[in-house]
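The values are calculated or read from the model by the stated rules, or taken from the named source; none is laboratory data. Keep in mind that this is a model prediction, so the values were computed, not measured. Note that each Cβ is placed from the backbone with ideal geometry, even for glycine, and that neighbours are counted across all protein chains shown. When the accessible area is computed, the model is the full protein with side chains, heavy atoms only, and any ligands, DNA or RNA have been set aside. Shrake-Rupley method; radii C 1.70, N 1.55, O 1.52, S 1.80 Å.
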Amino acid sequence: MTHDRSWQGPSAAERLKILRETKSIAIVGASNKPSRASYFVATYLLSSSKYTVYFVNPVLDEILGQPVYKSLADLPEVPDMVEVFRKHDDLPGVLDEALAVGAKTLWLQLGSWHEEVARRAEAAGMNVVMDRCVKIEHARFYGGLRLAGFNTGVISSKRQQLA
């Protein structure tokens, strides 16, 4: 599906500012399946960031040993960021929920783009990031991103020689 791409997202410096100011992230559409991007992102955020991470999925009870909430309204606190792993047609409803609870940032995962949702969120005073992975962005700014998105532990720019 082709979507209008006239909306301009925040610059790298603005995305870094959003990540620095964020203390809690609610992952909407979180999955307990290791093959899903939301699971990979959740694992990274729990192990490699200082964020409080909440999972939102109306059909699951637990992910990675943590409780899963049925909706954003059920969370014990207002999340600073709502990170969305839902299909395109669900995005307006997720925005409505995020606005209702008072979240500061709406972050749409890689491949997710919705001009109307972005404009509505910004008009309501929210930060909006679309078509970007919070794991990749966090790792890029905080030094954990290497070849293929994994930390190889290699500090040299020279190619490693195999013994």
Restricting to segment 64-99, name every residue that is open to solvent by less than 10 Å² (accessible area, probe 1.4 Å) and either at pLDDT below 95 or of a type in the set (Val, Ile, Thr) (or both). 82, 84, 94
Here the residues within segment 5-63 that are open to solvent by less than 30 Å² (accessible area, probe 1.4 Å) and more than 22 Å from residue 78 (Cα to Cα) are 7, 10
Could you give every pair whose Cβ atoms fall below 6 Å, whose first residue belongs to segment 70-82 and is polar (S, T, N, Q), and whose second residue is assigned to a loop (DSSP other than H, G, I, E, B), counting only separations of at least 6 or pairs across chains? none
Please go through (1) in contact (Cβ under 8 Å) with a residue 12 or more places away in the chain; (2) within 22 Å of residue 138 (Cβ to Cβ) for residue 11 and return the number of the only condition it doesn't satisfy. (1)
Give, as residue ranges, the strands (runs of 3 or more DSSP E) completely inside segment 1-116 that count at least 1 residues that are in contact with a His (Cβ under 6 Å, 6 or more places away or on another chain) and at positive phi. none
